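Working notes, structure below.
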Amino acid sequence: MCGIVGILGEKPVANELVDALRRLEYRGYDSAGVATVENGHLDRRRAEGKLRNLAERLSRQPLKGRAGIGHTRWATHGAPNEQNAHPHMTDKVSVVHNGIIENFREIKETLAREGVTFSSETDTEVVAHLITAEMRRGADPVTATGKALGQLKGAFALAIIFAGYDDLMIGAREGSPLAVGHGEGEMYLGSDAIALAPFTDRITYLEEGDWVILHRGGAEFRDRNGRKVERKSITSSASGFLVDKGNHKHFMLKEIHEQPEVISHTLTNYIDLVAGKVAFPDLGIDLAQVPRVTISACGTAYLAGLVAKYWLERYARVPVEIDVASEMRYREAPMPAGGVALFISQSGETADTLATLRYCKAQGQRILSVVNVRTSTIARESHAVLPTLAGPEIGVASTKAFTCQLATLACFALAIGRAKGTITPEKERELIQALTEVPRHMVGLLREEQPYEDLAHWLSKARDVLYLGRGTAFPIAMEGALKLKEISYIHAEGYAAGEMKHGPIALIDENVPVVVVAPDDDLFEKTVSNMQEVAARGGQIVLVSDASSEKVGCRVATHLSVPSVHPFVTPLVYALPMQLIAYHTATFMGTDVDQPRNLAKSVTVE
Ligand code: F6R
């Protein structure tokens, strides 16, 4: 995961930048670099591999500037070489970046037509050239940056310095975190407070869409419309990352808001953004020959597997068998020769999942795992590991790990589909494009939480809540119900919308809220029919959908509006309203959101 630091210091800052980058090493990286402004000129040092390589280069060829930025780059697409390492620069600006610039291809083409040449394969370099182009047209650095930011689509954090400006640094945040550190006559930027811990404990977290203009004397914050805004500073807990909730009241909320960033990281691990196709690691199996995929997991991770079943069947045309691990481990299920068994686990330690893994291994299956903790037992006992790059998840209720599992599994389905020839290169590009747009849509969705807070007043009084969905919205409905019951203790169930009339509809009356997860896709009309059956019986509907009210055509108590996205990626985006409904209901009720009663983060017993 990329890490960003920036310092406007009193003395040369290169060594301090490297020290700060060391504190971001936990995020993982494979190249690093720093740039400073020295005598009005920008200069940089970059190195492949560990930070000691960068430190060695700096000791041979020091940088003496007092204004500087640094970066650790985590291999995304393209080689992790010096050429692709950050900072990227022109004669006028130097930039470090974390996240995805979704529209970098379009920007690159436009700039190339204007005669700009590029020296890396990265999306980041377009930011440096965009700002430079504005400056060549006469804009000052702040105006040029404001204009350039307005053209970027995606989820990102940026730190920028300028030739000729020794007392200026600009930071920007859209979906990836960025913290400003306030020192005595010095100012700092960092991906998180831990990077800045030795310098200062006075921190201001940028809000979504914010950018900040730093001088040694202070910081000026602007919102996405360029308006000056006030942002409060806080005293960060000295012990750093693991206990730091940032600006958030709970770890769960922090982790919900981290999703645009961690999804970007996870996607870039499995996607070649430049070519617009999946770039999957060699799993040691011929994906074209996989006869069946057996999936097993527990709880939320199982529901991620259920979404994957829809994707694998539809896009890769591969049969899928799936069961919760506590059942599959004892079923003595027969396994096909050459089959693949896939295990999904945040912790990588869940006892039932591990036992099922061992059973499948004994049955001669090729074992793959999607895990968040790479050193875990499940990872170690797998033939190949597909890591989710969610970072540590502290809240007991899984949020960002779930959506990262989905992102990984979506790429896995495309990798098999491509190998089997069930998706064309054009289709692959379309689906990859849809995936890369997810972080931006998540940012948009997370901007407006008031409707969820309002809904919480009503939901908190319910004794039971039903969740309905069809297709991939069905597992998402089940995930919504699971989230609500585990943190608010309200009884909730997720059903396939079409199953209602076979029993659960008897539960409906005006006291039972029914959350209907209904993306405007090819199953929408069917879900609406089921919703009308509920409404006709006095059911109170909470509609979670991108469809217009006219299209819905029946009375709903609340409509939680979701950005319109490609049907392939709806599970990733619709997971967020499920999390927010549960979170705001639970906080309104005053339950222990991060550590709900009776639950453990890692279930290492049967
Ligand atoms: C629910 C939740 C649990 C876990 C389950 C599996 O919010 O977090 O249902 O998903 O206990 O845990 P892992 O993914 O660690 O195997």
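A few notes on this one:
- Projecting label points 7 angstrom from Cα along Cα→Cβ for residue 430 and residue 506 puts them 4.4 nm apart.
- Amide H contacts of residue 298: 325, each under 5 Å away and 5 or more positions distant or on a separate chain (H built 1.01 Å from N in the peptide plane; Pro and chain starts excluded).
- Normalised by the number of residues in the chain, the average gap of Cα pairs under 8 Å and 6 or more apart makes the relative contact order 11 percent.
- For the range 35-85 and the range 249-296, distance of Cα centres in Å: 28
- Potential extension, residue 140-residue 499 segment - 0.36 nm per residue separation minus Cα distance: 123.1 nm
- The mean sequence separation of alpha-carbon pairs under 8 Å and at least six residues apart, normalised by the residue count of the range 268-387, gives a relative contact order of 23 percent.
- Gain in span if fully extended, residue 458 to residue 375, counting 0.36 nm per residue against the direct Cα distance: 25.6 nm
- Site pair residue 384 and residue 82 shows an inter-label distance of 3.3 nm when each label is modelled 7 Å from Cα along Cα→Cβ.
- Solvent exposure, largest accessible area first (probe 1.4 Å, DNA, RNA and ligands not counted), of 282, 43: 282, 43
- Heavy-atom accessible surface of the chain, averaged per residue, reaches 37 Å², computed with a 1.4 Å probe.
- 3J(HN,Hα) from dihedral phi, the range 120-131, Karplus parametrisation 6.51/-1.76/1.60, rounded to Hz, x for glycine, proline: 9, 8, 7, 6, 4, 4, 5, 5, 4, 6, 4, 5
- Dipole of the chain, positive direction: furthest Cα of 363, 234, 475, with charges on the beta-carbon: 363
- Rounded Å value of the spacing that divides the Cα centres of the range 108-186 and the range 424-449: 23
- Peptides 153-160, 16-23 ordered by packing proxy, namely the average of other Cβ atoms within 10 Å per residue, highest first: 153-160, 16-23.
- Cα-based Rg of the range 3-245 normalised by 2.2 N^0.38 Å, two decimals: 0.92
- Restricting the calculation to Cα atoms, the range 328-391 yields a radius of gyration followed by a Dmax of 11.3, 36 Å.
- Spread of Cα-to-Cα distances over 10 Å intervals beginning at zero, given as percent, for the chain: 3, 17, 26, 25, 18, 8, 2, 0
- Protein-only accessible surface order, largest first, of 603, 37 at 1.4 Å: 603, 37
- Secondary structure note: in the chain, about 60% of the DSSP beta bridges are antiparallel.
- Rounded to whole Hz, the Karplus (6.51, -1.76, 1.60) HN-Hα couplings of the range 484-497, x for glycine and proline: 4, 5, 6, 9, 9, 6, 8, 5, 9, 9, x, 10, 5, 3
- Estimated dipole of the range 254-436 in Debye, rounded to 20 [Cβ of Lys and Arg +1, of Asp and Glu -1, Cα centre]: 320
- Spin-label pair residue 223-residue 151: with each label point 7 Å from Cα along the Cα-Cβ axis, the two points sit 2.5 nm from one another.
- Gain in span if fully extended, residue 232 to residue 537, counting 0.36 nm per residue against the direct Cα distance: 104.9 nm
- Measuring max minus min along each principal axis, the C-alpha atoms of the range 409-482 give extents of 51, 26, 15 Å (largest first).
- Counting only lysines at least 8 places from residue 92 when in the same chain, those with an alpha carbon closer than 20 Å to its own are 64, 108, 147.
- Percent accessible area from carbon and sulfur atoms, the chain, protein chains only, probe 1.4 Å: 48
- Rg and Dmax of the range 447-589, based on Cα coordinates, read 13.4, 38 Å.
- Rounded tilt (10° steps) of 51-60 against the dominant C-alpha axis of the chain: 10
- Counted charge near residue 422, where neighbours are those whose Cβ lies closer than 12 Å (Asp, Glu -1; Lys, Arg +1): +3
- Ignoring lysines fewer than eight residues from residue 361 along the same chain, the ones with Cα atoms less than 28 angstrom from its Cα are 309, 420, 601.
- Computed about the Cα centre, the dipole magnitude for the chain is approximately 700 debye when only Lys and Arg (+1) and Asp and Glu (-1) carry charge, each at its Cβ.
- Whole-percent P(r), the range 254-436, all Cα pairs, 5 Å bins from 0: 1, 9, 18, 22, 22, 15, 8, 3, 0, 0.
- Computing FRET efficiency as 1/(1 + (r/R0)^6) for residue 555 and residue 53, where r is the C-beta to C-beta distance and R0 is 60 Å, gives about 0.40.
The values are calculated or read from the model by the stated rules, or taken from the named source; none is laboratory data. Worth saying up front: this structure is predicted, and the values here are computed from it rather than measured. Note that each Cβ is placed from the backbone with ideal geometry, even for glycine, and that neighbours are counted across all protein chains shown. Remember, those area values only see protein heavy atoms, side chains included, never the ligands or the DNA or RNA. Shrake-Rupley method; radii C 1.70, N 1.55, O 1.52, S 1.80 Å.
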